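The values are calculated or read from the model by the stated rules, or taken from the named source; none is laboratory data. Because the structure is predicted, anything quoted here is derived from the model rather than measured. Heads up, the Cβs are rebuilt from the backbone with ideal geometry, glycines too, and the neighbour counts pull from every protein chain shown. Just the protein is used for accessible areas: all its heavy atoms, side chains included, with ligands, DNA and RNA removed. Shrake-Rupley method; radii C 1.70, N 1.55, O 1.52, S 1.80 Å.
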Amino acid sequence: MSAECIFCKIINKELDADIVYEDDQVVAFKDINPAAPVHILIVPRKHIPTLLDLEKEDAELMGRLHLVANEIARAFKLDKKGYRLVINTGPDAGQIVFHLHLHLLGGRPLLQTIAKGRGV
Ligand code: 5GP
Ligand code: ZN
């Protein structure tokens, strides 16, 4: 937990968010500024600032984030047409929230530029 982190505050229910999934290790909520009809952020409860801060002990957690992505994709009926996961890492990738998160994007055909245009 990091006192100044918005995502830690969402996880701890100090800040409102439209939470679509939670378990003992993972929370997922709708992005406040969606870039696609479905735009969900999948975050570990553990405060890990970026992918570069990942440790060996986090390997299983990263797998769980991906399994949750599939579960959410099915719940939002994205499993036929597919979806995209994005992890922005550091300033050149446009990362603005320094609590590791997967962007799950879907619900329309995603052009290649989505990975560049809006930082997602
Ligand atoms: P990043 O560029 O760090 O990968 O993406 C951070 C994402 O978090 C952005 O898409 C942004 O719209 C979203 N975001 C920032 N603040 C909040 C917030 O307070 N609530 C929610 N639900 N999303 C947020
Ligand atoms: Zn955090």
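Using only Cα atoms, tell me the angle between helix 59-75 and the longest principal axis of the chain; keep it within 0 to 90° and round to the nearest 10.
Approximately 40 degrees, to the nearest ten.
How many percent of the accessible area of the stretch 6-102 is carbon or sulfur, using a 1.4 Å probe? Let's see the in-between values first.
Working: 2990 of 5650 Å².
The nonpolar share, carbon plus sulfur, comes to 53 percent.
Given the chain reduced to its alpha-carbon atoms as identical point scatterers, what log10 I(q)/I(0) does the Debye formula return at q = 0.09, 0.18, 0.19 Å⁻¹?
Scattering profile of the chain, log10 relative to I(0): -0.22, -0.95, -1.07.
For the stretch 31-78, which GluC sites (Glu not before Pro) are in a loop by DSSP, counting at most 14 other Cβ atoms within 10 Å? Please list the in-between numbers first.
On the way: sites: 55, 57, 60, 71; in loops: 55.
Those satisfying the criteria are 55.
Under 19 Å Cα-Cα from residue 77, which aspartates and glutamates qualify once same-chain neighbours fewer than 8 residues away are excluded?
Within reach: 18, 22, 31.
Name the residue farthest towards the positive end of the dipole of the chain from the options 97, 72, 49, assuming +1 on Cβ of Lys and Arg, -1 on Cβ of Asp and Glu, about the Cα centre.
Checking the options against the dipole of the chain, the answer is 72.
Between residue 2 and residue 93, what length in nm is gained on full extension when 0.36 nm per residue of separation is reduced by their alpha carbon distance? It would help to have the intermediate numbers written out before the result.
Numbers: separation 91, 0.36 × 91 = 32.76 nm, distance 2.20 nm.
Stretched fully, the residue 2-residue 93 segment lengthens by 30.6 nm.
Points 7 angstrom from Cα along the Cβ direction at residue 30 and residue 55: gap in nanometres?
Label-label distance for residue 30 and residue 55, simple model: 3.6 nm.
How much accessible area per residue does the stretch 6-102 have, in Å², with a 1.4 Å probe?
Working: 5650 Å² over 97 residues.
It amounts to 58 Å² per residue over the stretch 6-102.
Treating only the Cβ atoms of Lys and Arg (+1) and Asp and Glu (-1) as charged, compute the dipole magnitude of the chain about its Cα centre; round to the nearest 20 debye. The partial results should precede the final answer.
Numbers: 15 positive and 16 negative charges, 143 e Å.
Charge dipole, the chain, about its Cα centre: 680 debye, nearest 20.
Excluding the sites themselves, what is the longest stretch of the chain that contains no trypsin sites (Lys or Arg not before Pro) in a DSSP loop with at most 14 other C-beta atoms within 10 Å?
Numbers: sites that count: 13, 77, 80, 81, 118.
It works out to 14-76.
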